[in-house]
Amino acid sequence: MNQYTLSSGLRTILLVLMGIGALCMGITWFGDDALHTRFWSNFLHNSVFFTGIAVMASFFIAASILAYAGWYTAFKRVFEAITAFLPYGLGFMVILALGNYFHLHHLYHWTDEAEVAKDPILAGKAGFLNKNFYLFVTVLFVGAYIFLIEKIKSFSRAEDNGGVDANFTMHKNQRFYAAILLPIIGFTSVILIWQWIMSVDAHWYSTMFAWYCLASFFVAMVCFVSLALLYLRANGYYQNLSQHHIHDMGKFIFAFSIFWTYLWFSQFMLIWYANIGEETIYFKERYDNYPVLFFANLAVNFVLPFIVLLRNDTKRKIGTLSFVAIVVFIFHWVDFFLMVKPGTLHTAHAAMGHGAEEHGAETGAHGAEAAGEHAVAAVAHGAEHASSFVSGFTIPGLLELGTMLGFFGLFTFVVLNALSKANLTPKHDPYLQESLHHHV
């Protein structure tokens with residue numbers, strides 16, 4: 001079968017997952033603190049994670065076209081379908097950007113103008129870390145990704161419908177837009193990561209952080225593609241794929257898990273060795289207060305795929321590859337949980353303490369004393385959360401997992417719906433025969 005049809009049963013499952021996600025977000029909102037920190041941090045976490053996967057699928061397509069890669073051609077429609085989530089991701093990130101304007105959330109310390117005015121580090125970054133730039137780069141850069149990848153996909157599908165001419169016009173058009181898209185993603189995705197994720201810890205900086213995030217996105221993307229291919233093949237689609245294609249996906253999970261670990265170690269080792277306070281605080285916070293996630297992140301995202309997929313035969317075993325892909329996908333989601341949650345928790349406590357002090361100043365000496373005590377308590381709670389469990393922050397709770405399932409259901413629905421709108425196998429792609437006769 002060369003045309004995918006989303007079955008009613010799977011559609012129902014995905015809608016149920018989306019319903020679970022919506023329900024969990026609703027429960028989170030009404031059971032949250034005054035700033036709704038848990039709700040907004042969950043929204044940021046999942047929006048960035050799934051949008052990042054779509055961005056890396058776009059990057060992979062552009063890089064493969066420019067590298068004259070043929071091995072993936074038989075199932076390139078799966079990568080193309082993943083990019084269909086980009087408009088949704090842009091919508092989610094615009095909501096977060098508007099939240100900076102209307103103070104709907106307090107995820108970023110730099111949105112508090114009073115704090116920026118008296119903080120020399122934040123003031124020094126104000127030209128970059130501000131609500132206008134956040135919204136501008138989000139719309140401009142992600143909008144550019146959407147425009148360029150849609151152009152590539154349109155020529156890819158036109159190639160199916162119009163056949164192949166002697167000059168390979170459609171394929172050359174794809175190459176032209178890929179040559180534009182690849183460097184744009186390469187340079188601008190770094191800025192988006194600085195804005196979206198890194199600025200949650202606004203005083204901290206690392207020159208390797210963006211590449212580390214992109215590697216995490218890429219591994220999660222490859223895991224999703226692997227699971228999608230195994231699912232489709234088990235349901236009668238992509239019968240032209242051989243064990244060599246499955247082997248290649250296993251190799252990608254294996255190789256880029258090692259690359260992710262290389263970046264993790266390089267960033268950690270250099271910061272530990274230099275022992276500069278502005279840098280070490282990021283890892284000290286997570287090492288001291290989130291030790292379970294800190295070490296589990298490294299163990300699962302490196303040790304598991306390295307040990308299991310080191311052998312050639314395990315890359316071709318459907319059960320083994322599926323298990324590794326599922327676990328690694330979930331733990332790269334956990335990786336971003338660990339990037340987002342500590343900083344947002346600290347910012348929320350600081351905001352609540354600052355608000356209490358202002359309220360105290362407005363209500364006289366007695367009010368100031370009471371508000372000051374509240375502020376101290378809030379800051380102390382933030383400083384002592386190493387020894388106390390903070391629901392939704394210390395480790396992912398049921399509401400976090402439910403929210404992730406909701407986003408995953410939406411993401412998968414968008415991908416499969418896009419997959420149903422084009423031939424699964426691009427029959428006129430000039431590299432198709434190379435892909436079908438590909439051997440490891």
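Tally up the residues in region 132-146 that are closer than 12 Å to Asn100 by Cα and surrounded by fewer than 18 Cβ atoms within 10 Å (Cβ to Cβ), please.
Looking only at that region, the number is 2.
Quick grid of which residues meet (1) within 17 Å of the chain's Cα centre (by Cα); (2) within 22 Å of Leu419 (Cα to Cα); (3) buried (at least 21 other Cβ atoms within 10 Å of the Cβ):
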site	(1), (2), (3)
Met221	yes, yes, yes
Val225	yes, yes, yes
Gln239	no, yes, no
Ile246	no, yes, no
Phe265	no, no, no
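In region 147-202, what count of residues is obtained for those that are over 29 Å from the mean Cα position of the chain (by Cα) and β-branched (Val, Ile, Thr)?
Qualifying residue count, region 147-202: 2.
Find all pairs meeting these conditions: Cβ atoms under 9 angstrom apart; at least six residues apart or on different chains; first residue within region 163-190 and closer than 24 Å to Thr51 by Cα; second residue exposed (fewer than 14 other Cβ atoms within 10 Å of the Cβ) and of a type outside the set (Phe, Trp, Tyr).
Close Cβ pairs (under 9 Å, with a partner that is exposed (fewer than 14 other Cβ atoms within 10 Å of the Cβ) and of a type outside the set (Phe, Trp, Tyr)) amount to Thr188/Leu140.
Within region 283-326, take every residue that is polar (S, T, N, Q) and surrounded by 16 or more Cβ atoms within 10 Å (Cβ to Cβ) and give me the one that is farthest from Phe389 (Cα to Cα).
Filtering first and then ranking leaves Thr314.
Quick check on region 153-176. Is at least one of its residues polar (S, T, N, Q) and more than 21 Å from Leu432 (Cβ to Cβ)?
No, region 153-176 contains no residue that is polar (S, T, N, Q) and more than 21 Å from Leu432 (Cβ to Cβ).
Residue under question is Val116, and the condition is that it be surrounded by 17 or more Cβ atoms within 10 Å (Cβ to Cβ), under 22 Å from the mean Cα position of the chain (by Cα) and among the β-branched types (Val, Ile, Thr); does it hold?
In short, no.
Only residues that are over 15 Å from Thr138 (Cβ atoms) and surrounded by fewer than 21 Cβ atoms within 10 Å (Cβ to Cβ): list them for region 183-201, please.
Hits for region 183-201 are Pro183, Gly186, Phe187.
Quick one: which residue in Phe141, Phe133, Phe50, Phe92 is in contact with a helix residue (DSSP H, G or I) (Cβ under 8 Å, 6 or more places away or on another chain), under 30 Å from Lys172 (Cβ atoms), in contact (Cβ under 8 Å) with a residue 24 or more places away in the chain and not aliphatic (A, V, I, L, M)?
The unique qualifying residue is Phe141.
Could you check region 259-316 and list, in sequence order, the residues that are among the charged types (D, E, K, R), out of contact with any His (no Cβ under 9 Å at 6 or more places or on another chain) and touching a residue at least 40 places away in the same chain (Cβ under 8 Å)?
Glu279, Arg286, Asp288
So if I check each of Asp288, Asp335, which one is modelled with pLDDT of 95 or more, in a helix (DSSP H, G or I) and among the charged types (D, E, K, R)?
Residue meeting the stated conditions: Asp335.
From Trp110, Trp40, grab the single residue that is part of a helix (DSSP H, G or I), among the aromatic types (Phe, Trp, Tyr), in contact with a Gly (Cβ under 9 Å, 6 or more places away or on another chain) and buried (at least 22 other Cβ atoms within 10 Å of the Cβ).
Trp40
The values are calculated or read from the model by the stated rules, or taken from the named source; none is laboratory data. Keep in mind the model is a prediction, meaning the values are calculated, not measured. Reconstructed Cβ throughout: ideal geometry from the backbone, glycine too, with neighbour counts over all protein chains shown.
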